[in-house]
Amino acid sequence: MDEETGALTHQGDVSAPGRPAPIAVDPQQQFMYVARRDDLQINSYRINSSDGNLTEIGSIAIPTDPCHMAMDRTGKFLLSAHYMGARAMVHRVGNEGALEAEPADDFHTEIGAHCFQTDPSNQFAFVPHIDNRGGANAIFQFKFDEGSGKLIPNSPARVLQDKNVGPRHYCFHPSLDILYFSNEQGSSISVYDFDRNFGYLSHKQTVNNLPKDWTMFSKCSQIRIIPNGR
Amino acid sequence: MLTPLGHTPSQNFPRVFDIDPAAKFLLSAGLYDGKVGVFQISEKGRLKKTAVYDVGEEPMWITILNRQ
């Protein structure tokens with residue numbers, strides 16, 4: 001990507017059969033992980049820091065297909081959310097970026113699990129569940145043990161939602177204790193205060209995300225925040 | 001709190017997008033048209049499409065890394 005113009009140049013392709021979808025990259029950007037959803041595998045790659053090219057390290061088998069992955073804040077664990085698998089999984093990163101095959105945690109939540117990240121302190125985690133095909137339509141709140149990679153349900157364990165909201169993805173404000181969730185069924189964004197001591201979310205605003213007079217099908221997916229938070 | 005600024009046409013069914021670490025560009029991938037759009041982000045947070053690329057069928061994810 002040209003830093004000035006944004007123009008893209010195609011450098012090459014890496015074969016990853018089986019509907020490769022979610023990507024996660026560690027904080028040092030040394031390693032990249034890609035889930036091959038139809039093959040029930042997660043591939044690991046080393047990122048060449050000078051040209052961005054990828055070298056495959058290996059792959060592990062997983063029981064269900066993840067729709068979202070992220071690294072924890074230390075880069076020691078890969079976190080994955082499994083929509084129809086109704087689970088949040090944690091895999092430890094072993095030697096040279098390879099994933100350990102045995103999960104550090106395999107926490108059964110409910111159908112609709114769609115995103116899994118830890119907060120900046122790495123002590124808490126959230127797993128939003130959409131409201132479609134039996135989805136739980138709630139944000140599950142967890143404590144995260146960054147030593148073992150285990151999830152512990154927080155109390156309350158769920159932030160319940162109105163019908164047809166369906167929280168899907170989220171992002172953290174870069175400096176304030178605030179999280180923003182995209183709502184798949186609601187076609188909206190919800191703003192939550194984040195209690196950094198206890199890991200709770202408190203809803204403070206929901207804004208519709210559609211143009212006026214929009215009548216076609218809609219749903220919300222990705223959400224990102226500008227690095228300066230504006 | 002959020003205030004809506006506006007809307008910009010994107011690719012067909014923009015399932016994923018990402019913002020570059022310098023916050024100058026947004027890349028948006030169209031699941032149904034196999035295209036990635038490059039959008040310039042203005043100081044006021046508005047988007048302006050500057051280029052569109054064919055990237056193959058059903059782009060499912062897009063991640064921009066820092067330049068090192």
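Where nothing but the Cβ of Lys and Arg (+1) and of Asp and Glu (-1) is charged, how large is the charge dipole of the protein assembly as shown around its Cα centre, in debye to the nearest 20? Could the numbers behind the result be given before it?
Details: 28 positive and 34 negative charges, 174 e Å.
It works out to roughly 840 debye.
Binned at 10 Å from 0, what are the whole-percent values of the Cα-Cα distance distribution for region A:39-166, short to long?
Bin by bin from 0 Å, the calculated values are 13, 42, 31, 12, 2.
Identify, among B:Gly30, B:Thr8, B:Val52, the residue whose Cα sits farthest towards the positive end of the charge dipole of chain B, taking +1 on the Cβ of Lys and Arg and -1 on the Cβ of Asp and Glu, with the dipole about the Cα centre.
Farthest towards the positive end: B:Thr8.
Would you please give the residues with an amide H less than 5 Å from that of A:Ala7, counting only those at least 5 places away or on a separate chain, with H modeled from the backbone geometry?
Excluding prolines and chain starts, which carry no amide H, the hits are A:Asp2.
How many times 2.2 N^0.38 Å is the alpha carbon radius of gyration of chain B? Before the final figure, lay out each step's value.
Values: Rg = 12.3 Å, N = 68, 2.2 N^0.38 = 10.9 Å.
Cα-based Rg divided by the globular estimate yields 1.12.
Principal axis lengths of the protein assembly as shown from Cα atoms, whole Å, largest first?
In descending order, the Cα extents are 45, 44, 35 Å.
Of all trypsin sites (Lys or Arg not before Pro) in chain B, which ones are in loop regions per DSSP and have a Cβ with at most 10 other Cβ atoms within 10 Å?
Details: sites: B:Arg15, B:Lys24, B:Lys35, B:Lys44, B:Arg46, B:Lys48, B:Lys49, B:Arg67; in loops: B:Lys24, B:Lys44, B:Arg46, B:Arg67.
Those satisfying the criteria are B:Lys44.
One-quarter of the Cα convex hull surface for region A:162-230, in nm²?
For region A:162-230, averaging the hull's shadow over all directions gives 5.3 nm².
Within 10 Å of each residue's Cβ, count the other Cβ atoms and sort A:Ser49, A:Ser15 from fewest upward. It would help to have the intermediate numbers written out before the result.
On the way: A:Ser49 14, A:Ser15 6.
In increasing order of surrounding Cβ atoms, one gets A:Ser15, A:Ser49.
Cut-off is 10 Å between beta-carbons; in what order do A:Leu151, A:Leu40 appear when sorted fewest neighbours first?
Details: A:Leu151 24, A:Leu40 16.
Least to most surrounded, the residues fall as A:Leu40, A:Leu151.
If each residue's Cβ is checked for other Cβ atoms within 10 Å, how do A:Phe107, A:Phe126 rank with the fewest at the top?
Values: A:Phe107 20, A:Phe126 26.
Ascending Cβ contact count within 10 Å gives the list A:Phe107, A:Phe126.
Which is the longest stretch in chain A that no exposed loop site breaks, taking sites as GluC sites (Glu not before Pro) with a DSSP loop state and at most 11 other Cβ atoms within 10 Å? Could you put the intermediate results ahead of the total?
Numbers: sites that count: A:Glu3, A:Glu4.
It runs A:5-230.
Read-outs: derived from the displayed coordinates by stated rules, not from any lab. All values reported here derive from a predicted model rather than from experimental measurement. Glycine gets a Cβ as well: all are built from the backbone with ideal geometry, and neighbour counts include every protein chain shown.
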